[in-house]
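Data first, discussion second: the structure below is written as structure tokens.
The values are calculated or read from the model by the stated rules, or taken from the named source; none is laboratory data. Every value quoted in this text rests on a predicted model; they were computed, and no experiment measured them. Using ideal geometry, Cβ is built from the backbone for each residue, glycine included, and neighbour counts are taken over all protein chains shown. Accessible surface is based on the protein model in full, side chains and every heavy atom, while ligands, DNA and RNA are left aside. Shrake-Rupley method; radii C 1.70, N 1.55, O 1.52, S 1.80 Å.
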Amino acid sequence: MRVIAGKYKSRAVKAPSNMKIRPTSDKVKGALFNMLEPVMDCTVVDFYSGTGNLGIEALSRGASEVILVDKSSEGLKLISENLQTFGLNPRDLKSGVRVIPHDVSKAFFLLHQEGKKFDILLADPPYEKGVLKRLQHLLVEYPILKEGGIFAVEHGSDDTDLMPDFPYPMVRQKKYGDTYLTLFHYSSPDKKI
């Protein structure tokens, strides 16, 4: 795995030694960031961060703040090693990076409690049925996406059921083998066009 663009372009991101953590492939990551551009000065949360791959790509492209969320000890170790390789210290408030060592539902809750809102929410969960709907429910319960923001989920082709009445319309969906990239956009229903 490599950083595709920006200040860390072509630098390697350490991959997991086993398949418990499934990092986003460079092809899918490239497609995702092409859909998200521009990322410059955006605030980003990378849920199910695993290696920190997506968050580091966002930082490389100029994101102002990136929060990496993972609960597994292997994932947290990889995130720490990768951040260290890139000279990013989550203890340094100026680094623009933070690690939340909890599961995704707890992270949504904590960020909501802090009153935080983000430009981009990324989620690359384990491929299992129902996870896309669970993420949608979490975002409805804890609305941490800024108006105009994007919620991007990478999910398996057998997990395409959406939550009924999800208030963030789907704006893009692309399939890569057994992987889907689905993007939702938040625009205020009160806003007059």
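Table for the structure above
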read-out: Table column - 3J(HN,Hα) (Hz), the stretch 124-141, Karplus curve with 6.51, -1.76, 1.60, x for Gly and Pro; value: 10, x, x, 6, 8, 5, x, 5, 4, 5, 4, 5, 4, 4, 4, 5, 5, 5
read-out: Solvent-accessible heavy-atom area per residue, rounded to whole Å², over the chain at 1.4 Å; value: 50 Å²
read-out: Nearest-ten-degree value, helix 26-36 long axis tilted from longest Cα axis of the chain; value: 50 degrees
read-out: Interatomic Cα distance distribution for the stretch 89-176, bins of 5 angstrom, percent; value: 3, 12, 21, 25, 19, 12, 5, 3, 0
read-out: Karplus 3J(HN,Hα) series, Hz, for the stretch 57-64 with 6.51 cos²θ - 1.76 cosθ + 1.60 (x for Gly, Pro); value: 4, 5, 4, 4, 8, x, 4, 7
read-out: The stretch 75-193, accessible surface, carbon-and-sulfur percent (1.4 angstrom probe); value: 51 percent
read-out: Estimated D of the chain in µm² per second, where Rh is the Kirkwood radius over Cα pairs and Stokes-Einstein applies at 37 °C, 0.692 mPa s; value: 197 µm²/s
read-out: Listed peptides 127-139, 74-86 by packing density, highest first (mean Cβ within 10 Å); value: 74-86, 127-139
read-out: Centre separation in Å (Cα based) which lies between the stretch 25-78 and the stretch 83-144; value: 10 Å
read-out: Dimensionless Rg over Rh [the stretch 138-178; C-alpha; Kirkwood]; value: 0.97
read-out: Quotient of Cα Rg and 2.2 N^0.38 Å for the stretch 25-77, N being how many residues it contains; value: 1.11
read-out: The chain: angle of helix 104-113 to the longest principal axis, Cα-based, in degrees nearest 10; value: 80 degrees
